[in-house]
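> Before I ask anything, let me first share the structure, which is written out below as structure tokens.
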């Protein structure tokens, strides 16, 4: 596994665990807006701490990864398309937030929805990168077709 794929896999896992834990705690009881905002700040800090710990543990336990075999242009193409996947995931769900504000305790629901939307966008981004770097068919292309510029 290359260093980039390892990092993408670790990041995907950390985001899934952190956001999953956030939503499990949010579903366990009613929070007011202040508690929700504090939990959101805690989520951000938790993601950073988990990301550092997971990457450090992988470096210590798994050793030196193999070098990236893809050209810089292919890596940029994969990263650009992954960013688009995250953007379109976010934009496809963000329209609902104004409607959530109309609900009773809508501020809390909307704040949690925004956290979920950001989490889904990040998972879409890193999932796309993992799939493309592994050579999976995503969007009708394989990594090798993308690299060679084939249709």
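The values are calculated or read from the model by the stated rules, or taken from the named source; none is laboratory data. Computed from a predicted model, the values in this text were never measured in an experiment. Note: ideal-geometry Cβ built from the backbone for every residue, glycine included; neighbour counts use all protein chains shown.
> Return a yes/no flag: does the stretch 2-15 have any residue that is surrounded by 13 or more Cβ atoms within 10 Å (Cβ to Cβ) and part of a strand (DSSP E or B). First the steps, then the outcome.
Quick first cut of the stretch 2-15, residues surrounded by 13 or more Cβ atoms within 10 Å (Cβ to Cβ) only: 2-15.
Checking which are part of a strand (DSSP E or B) leaves us with 2.
Within the stretch 2-15, one or more residues are surrounded by 13 or more Cβ atoms within 10 Å (Cβ to Cβ) and part of a strand (DSSP E or B).
> Go through (1) under 14 Å from residue 112 (Cβ atoms); (2) at pLDDT 90 or above and name the single condition residue 25 misses.
(2)
> Condition first: touching a helix residue (DSSP H, G or I) at 6+ places or on another chain (Cβ under 6 Å) and more than 21 Å from residue 44 (Cβ to Cβ). Now tell me which residues in the stretch 83-99 satisfy that.
Passing the criteria: only 85.
> From the list 57, 53, 82, pick out the single residue that is within 14 Å of residue 8 (Cβ to Cβ) and part of a helix (DSSP H, G or I). First the steps, then the outcome.
Working: 57 fails: within 14 Å of residue 8 (Cβ to Cβ); 53 fails: within 14 Å of residue 8 (Cβ to Cβ).
After ruling out the rest, the residue left standing is 82.
> For residues that are under 14 Å from residue 132 (Cα atoms) and surrounded by 15 or more Cβ atoms within 10 Å (Cβ to Cβ), tally how many sit in the stretch 38-78.
Number satisfying all stated conditions: 5.
> Scan the stretch 110-126 and tell me whether some residue there is out of contact with any helix residue (DSSP H, G or I) (no Cβ under 8 Å at 6 or more places or on another chain) and surrounded by 11 or more Cβ atoms within 10 Å (Cβ to Cβ).
Scanning the stretch 110-126 turns up no residue that is out of contact with any helix residue (DSSP H, G or I) (no Cβ under 8 Å at 6 or more places or on another chain) and surrounded by 11 or more Cβ atoms within 10 Å (Cβ to Cβ).
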